[in-house]
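Asks: My structure is below; once you've seen it, I'll send some questions.
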Amino acid sequence: MGRKLGAELLRLRDASGKTQQQAAGAISATATKVVKMERGWVPMRDP
């Protein structure tokens, strides 16, 4: 499930033309965290 959600996040980010750094800034995270989320390596939580 996490990988599917991550793949969808990646697809949406690419479609919007945003970089990982820009996406990270939008959610107050690091670019590394965005990479891990897109690959399904970390659980996603609502802050």
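Asks: First compute the accessible area of the chain with a 1.4 Å probe, then give the percent of it belonging to carbon and sulfur atoms.
Replies: With neighbouring chains kept in place, the figure for the chain is 56 percent.
Asks: Relative contact order of the chain: what whole-number percent is it, with Cα pairs under 8 angstrom and at least 6 residues apart?
Replies: Values: 37 pairs, mean separation 22.5, N = 47.
With pairs under 8 Å counted, the relative contact order is 48 percent.
Asks: Would you mind counting up the charge near residue 19? Only other residues with Cβ under 13 Å from its Cβ, with Lys and Arg at +1 and Asp and Glu at -1.
Replies: On the way: positive: 13, 18; negative: 14, 38.
So the environment of residue 19 carries a net charge of 0.
Asks: Additional query: Report the FRET efficiency, 1/(1 + (r/R0)^6), for residue 42 and residue 16, where r is their Cβ-Cβ distance and R0 is 35 Å, rounded to 0.05.
Replies: Details: r = 21 Å, r/R0 = 0.61.
My answer for the efficiency is 0.95.
Asks: Also: Of the listed values (i) 0.93; (ii) 0.98; (iii) 1.08, identify the label whose number matches Rg/Rh (Cα atoms, Kirkwood Rh) calculated from this model.
Replies: Matching the structure shown: (i).
Asks: Further, regarding this structure: Roughly how many Å² is the accessible area per residue of the chain, as a whole number, for a 1.4 Å probe? Before the final figure, lay out each step's value.
Replies: Numbers: 3750 Å² over 47 residues.
For the chain, the per-residue accessible area is 80 Å².
Asks: In the neighborhood of residue 42, defined by Cβ-to-Cβ distances under 12 Å, what is the net charge if each Lys or Arg adds +1 and each Asp or Glu adds -1? Before the final figure, lay out each step's value.
Replies: Details: positive: 3, 33, 36, 39, 45; negative: 38.
Overall, the nearby charge balance is +4.
The values are calculated or read from the model by the stated rules, or taken from the named source; none is laboratory data. What you see is a predicted model; the values in this text were computed from it and never measured. Glycine gets a Cβ as well: all are built from the backbone with ideal geometry, and neighbour counts include every protein chain shown. To get the accessible areas, we keep the full protein, side chains included, count just its heavy atoms, and leave off ligands, DNA and RNA. Shrake-Rupley method; radii C 1.70, N 1.55, O 1.52, S 1.80 Å.
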